[in-house]
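Novice: Dropping a structure here in structure tokens format, bear with me for questions.
The values are calculated or read from the model by the stated rules, or taken from the named source; none is laboratory data. These numbers come from a predicted model, not from an experiment. Reconstructed Cβ throughout: ideal geometry from the backbone, glycine too, with neighbour counts over all protein chains shown.
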Amino acid sequence: MDDKASVGKISVSSDSVSTLNSEDFVLVFKQGDEMHSANNGSDDEKTGLKIVGNGSEQQLQKELEDVLMDTPAEYQDLHVEEIEKAQAEEDPVQPSDEVSITSSTVNPSSVGLQKTDMSLPVKAAQQECIHGTSVFSSVPEEDSVLFSKLTYLGCASVNAPRSEVEALRMMSILRGQCQNALDVTLSVPNVSEGTVRLLDPQTNTEIAKYPIYKILFCVRGHDGTTESDCFAFTESHYNAELFRIHVFRCEIQEAVSRILYSFATAFRRSAKQTPLSASIPPQTPDSDIFTFSVSLEIKEDDGKGYFSAVPKEKDRQCFRLRQGVDKKIVIYVQQTSNKELAIERCFGLLLSPGKDVRNSDMHLLELESMGKSSDGKSYIITGSWNTKSPHFQAINEETPKDKVIFLTTAVDLVITEVQEPVRFLLETKIRVCSVNERLFWPFSKRSSTENFFLKLKQIERKERKNNCDTFYEVICLESESERERRKTTASPSIRLLQYGQQTTSIPSPPEDDEEEDNDEPLLSGSGDVSKECAEKILETWGDLLSKWHLNLSVRPKQLSALVRSGVPEALRGEVWQLLAGCHNNDCLVEKYRLLITKESPQDSAITRDINRTFPAHDYFKDTGGDGQDSLYKICKAYSVYDEEIGYCQGQSFLAAVLLLHMPEEQAFSVLVKIMFEYGLRELFKQNFEDLHCKFYQLERLMQEYIPDLYTHFLEISLEAHMYASQWFLTLFTAKFPLYMVFHIIDLLLCEGISVIFNVALGLLKTSKDDLLLTDFEGALKYFRVQLPKRYRSEDNAKRLMELACSLKISQKKLKKYEREYHMMREQQAQQEDPVERFERENRRLQEANMRLEQENDDLAHELVTSKIALRKDLDNAEEKSDALNKELLMTKQKLIDAEEEKRRLEEESAQLKEMCRRELDKAESEIKKNSSIIGDYKQICSQLSDRLEKQHSSNKAEIEKIRQKVDGCERCREFFNTEGHLKPVSILKESFTMEDTDEEKESLKNQLREMELELAQTKLQLVEAECKIQDLEHHLGLAFNEVQAAKKTWFNRTISSIKTATGVQGKETS
């Protein structure tokens, strides 16, 4: 990471700097002083890097930039002036002793190192200071920063090297007790390969040096205390358990924060810096390089309606997929540096089997969802993968056990500020296994992550096609792995030179297969364990497990013989659980999930131990990683579960071994079984009385099986507890290679804890010749260093386990030795001088009293701190209580008003209901009345219609009769035509030659008049009926209007009353 990116990640509100091992550094935020005291430093021991500085954040970042940036000499004056300007803006009143910064590689002989006053400005590092030296100068042949005007107050041993509470306590003690302080100059390197040096300020000679990888923690005194001008760091001999703290006082208090900044610079991971990368400018927010972190997660259908993440093998770093199961691809995209770009959408998620595939070979997946995560930091794309598609046939077939295949995933993103879409390409390893194949640990559920470097070029305003402030075009997109491959290919000689320099500056722990004669003990967790196994052995174990699952209460007969040969690594997780009787452990699993939520009184000891448990194993070496987190939870849960014993030092190694083979819930269950049912917890009870009995039994077995070695140990006064303590308490897990440790756990779970005697005798027998040549110190060193290294060879470990299994140690013999031990203890108690016994008991009680006093002081400090915190909380609670009481009174008053208003509205509502009921009854009666009238009118109209129709039909019949009569009369036929109308007069005259008589004419005319009159009367009756119908319809409309008017009047009155009530209430409220 570049320098400015490091500046951005440093919190200016914390008080300490820490590295948890020689390779990993993490950022941690500050806890309050009360929290530090209350937790007794436990939280700090789990944390990594912490930094403090006085002043504003902008000023501190400017100061840190000048410390971190390796500026050419011609620009250093400019940086100093910028610092002065920033300091003047932030704090016009400067202290009399100013601080200047130079970072170079110039020989300090050109700079006068005298203890004189300092002043600003200081010119380039190559020039001499006019008024003496600056606080910072150069270190010969190393990129570093020198701090003068420091006083070394001394050093002391510490038990918790990463506890801020203990560091501050030792700082206070050394500052108060120091009488002969030593003036020194401190040299802090700018890279993690460097060395912190103490120099004599007069002669510039080296007094002491501490490599950066040995420094574990750095802390400064809190502001407002007498230690505010002090700082300290803890260091350790590599892999040793002796930790020391070195305390310094600075004459210029403001410089303490800059010293911690320099330590922060040294703690940065700079092992990969090369001459090639030295020319690359740092990525600032104005840079054209944008960094993205893209993670791939594969999920499979679990058969229960959910999709769960597939496991990832720890050794091969490949996903393990099941054949023919529906899957989902989940991509997480997060920008990690530079100005934030807005991801608008994803328009394509593609997949293809193989590596280095062409674009035409990629196949589009169906997108299910896309969008930002809940915290807004990542953009998440989910796609559905149909394994039955013929395109993915190659990655849906079972993979051979010794092979892996590649899977290529691509995601196309539309970024608002970028002209064209951006494609991120991920290549990962996978293995396809059968659906019915058992899932064995060790696996992790980590996703596959790749970093990408997107180089963009800002487009000129006239070229832009978008209205956003800044618009870019893509120059290139490169992944971190591609960059590393390109560097390796481009300049192998430079990289070899670099690695050669690193090996000379940082001593690395020896590899497992190297036979070195150094005095460094073997790191715990060493030794790779292969999961490869012969097919015949796996088939035998598969048949045995199938039979065993049919009746879990009875162990198969051939189980013991198979276990003695060693359980296959791939099956150990399942076999260990069955051997321990954890096949039905739902109760312990549920209890574990509850226990991890509780606080442990031994949290500090647990945190201290997990940081040095299996540092050589990849799963546990990362501070704050998944391995250490799970290990911490298991140890914490057991310490709460077993209140009598709690957590004991060394339990973390056994828990780590179990955690490598099974999930943490099952690992906790097996740990409980080993401690309780296998009797391991008995070794920790009654002042380790049972453990001393085990030591006696081991010595008696030595006397029987290896008498010459037993005699030699008597001669050099070497007792069993001096070398065998860890063997019994940790079950050989702390020092020996893992493949040997796993085999021992196989035997222990199958045959019991007495297996420890077999392995111990086997170790002593195989090492007898070497041990007979040693003295007391040589023997101890041999047990600590040479003995574990001897079994780095897997063949040696196998021979040892064969020898241990061949030794026949009967339980009857062990019981006999146990009785001898108890009889001997009784005789010693009877023969012992009471004065000596009382003196020994008195010393023990004094030690216990001192320990309890110390714990009492710590508890008193915690109590005072807790009381202060509780007092503050109580004051805040009282203030909140007063406010809540006021709110309660106001709420009660509002409730009373609301109830009165409710009663008034209920009364009004009752009145409205009564009025509505009356109006409704009235309207219903009127409707009934109008309905009866309308019915009558309809009946009359129907009667009239019937009469008209009858009259009309009768008239038609009469007319038809008259027409027939007319047709039958020859004379009448002359006057009427066929249609019944009178013929014209001219025709009559021509037709009739004879004159009609007056009487006949008159009679016919009379008949005609009568018929016309009757027709007129009928038409008049029809008109009258129509008038009556119109009158009835008019009355019906009036009645309907009256009903509507009555309804509207009631509704308007109701609305008006409600509006009136609402208006009155609003006025009262205002």
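Novice: Would you mind stating whether Leu350 is touching a residue at least 40 places away in the same chain (Cβ under 8 Å), touching a His at 6+ places or on another chain (Cβ under 7 Å), under 22 Å from Phe453 (Cβ atoms) and in the same structural domain as Val418 (by TED's automatic domain parsing)?
Specialist: Details: touching a residue at least 40 places away in the same chain (Cβ under 8 Å): yes; touching a His at 6+ places or on another chain (Cβ under 7 Å): yes; under 22 Å from Phe453 (Cβ atoms): yes; in the same structural domain as Val418 (by TED's automatic domain parsing): yes.
Yes, satisfied.
Novice: Which is part of a helix (DSSP H, G or I), small (Gly, Ala, Ser) and in contact (Cβ under 8 Å) with a residue 24 or more places away in the chain, of Ser954, Ser925, Ser931, Ser945?
Specialist: Within the list Ser954, Ser925, Ser931, Ser945, the selection yields Ser945.
Novice: Which condition number in (1) of a type in the set (S, T, N, Q); (2) modelled with pLDDT of 65 or more; (3) outside any strand (DSSP E or B) is the one that Asn466 fails?
Specialist: Condition (2) is where Asn466 drops out.
Novice: Could you check the stretch 604-617 and list, in sequence order, the residues that are of a type outside the set (A, V, I, L, M), outside any loop (DSSP other than H, G, I, E, B) and in contact with a Lys or Arg (Cβ under 7 Å, 6 or more places away or on another chain)?
Specialist: Hit for the stretch 604-617 is Thr607, nothing else.
Novice: Can you report the number of residues in the stretch 687-707 which are modelled with pLDDT of 90 or more, among the acidic types (Asp, Glu) and either closer than 19 Å to Leu780 by Cβ or in contact with a helix residue (DSSP H, G or I) (Cβ under 7 Å, 6 or more places away or on another chain) (or both)?
Specialist: Total satisfying the criteria: 1.
Novice: Given the options Ser337, Ser295, name the one that is touching a strand residue (DSSP E or B) at 6+ places or on another chain (Cβ under 9 Å), modelled with pLDDT of 85 or more, of a type in the set (S, T, N, Q) and surrounded by 17 or more Cβ atoms within 10 Å (Cβ to Cβ).
Specialist: Only one candidate qualifies: Ser295.
Novice: Same structure again: Against the definition (within 23 Å of Leu803 (Cβ to Cβ) and not β-branched (Val, Ile, Thr)), how does Ser565 come out, yes or no?
Specialist: Against the criterion (within 23 Å of Leu803 (Cβ to Cβ) and not β-branched (Val, Ile, Thr)), Ser565 qualifies.
Novice: Tell me, which helices (runs of 4 or more DSSP H) lie completely within the stretch 725-805 with 1 or more residues that are over 19 Å from Glu682 (Cα atoms)?
Specialist: The qualifying helices (runs of 4 or more DSSP H) are 738-751, 755-766, 768-771, 776-781, 787-790.
Novice: Let me ask another. Under the condition of being of a type in the set (Lys, Arg) and at pLDDT below 80, which residue from the stretch 835-854 is farthest from Glu689 (Cα to Cα)?
Specialist: That would be Arg851.
Novice: Answer yes or no: is there a residue in the stretch 818-834 that is within 50 Å of the chain's Cα centre (by Cα), modelled with pLDDT under 90 and on the phi < 0 side of the Ramachandran plot. First the steps, then the outcome.
Specialist: Taking the stretch 818-834 and keeping what is within 50 Å of the chain's Cα centre (by Cα), we get none.
Checked the stretch 818-834: no residue is within 50 Å of the chain's Cα centre (by Cα), modelled with pLDDT under 90 and on the phi < 0 side of the Ramachandran plot.
This table checks each residue for (1) in the same structural domain as Ala580 (by TED's automatic domain parsing); (2) surrounded by fewer than 19 Cβ atoms within 10 Å (Cβ to Cβ); (3) within 26 Å of the chain's Cα centre (by Cα).
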| residue | (1), (2), (3) |
| --- | --- |
| Ala637 | yes, no, yes |
| Tyr647 | yes, no, no |
| Pro663 | yes, yes, yes |
| Phe668 | yes, no, yes |
| Gly679 | yes, yes, no |
| Pro707 | no, yes, no |
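Novice: Next question, about the same structure. Kindly provide the set of residues from the stretch 315-358 that are farther than 15 Å from Ile380 by Cα and in contact with a Phe, Trp or Tyr (Cβ under 6 Å, 6 or more places away or on another chain), ordered by number.
Specialist: Matches in the stretch 315-358: Lys327, Asn338, Gly354, Lys355.
Novice: Something else about it: Select the strands (runs of 3 or more DSSP E) contained entirely in the stretch 310-424, then report the ones holding at least 2 residues which are of a type in the set (Gly, Ala, Ser).
Specialist: 343-353, 366-372, 379-385
Novice: What about Ala208, is it buried (at least 21 other Cβ atoms within 10 Å of the Cβ) and either modelled with pLDDT of 85 or more or not in a helix (DSSP H, G or I) (or both)?
Specialist: In short, no.
Novice: Hey, another quick one. Would you call Leu1020 surrounded by fewer than 11 Cβ atoms within 10 Å (Cβ to Cβ), under 29 Å from Leu1038 (Cα atoms) and at pLDDT 85 or above?
Specialist: Yes; evaluated as a whole, the condition is true for this residue.
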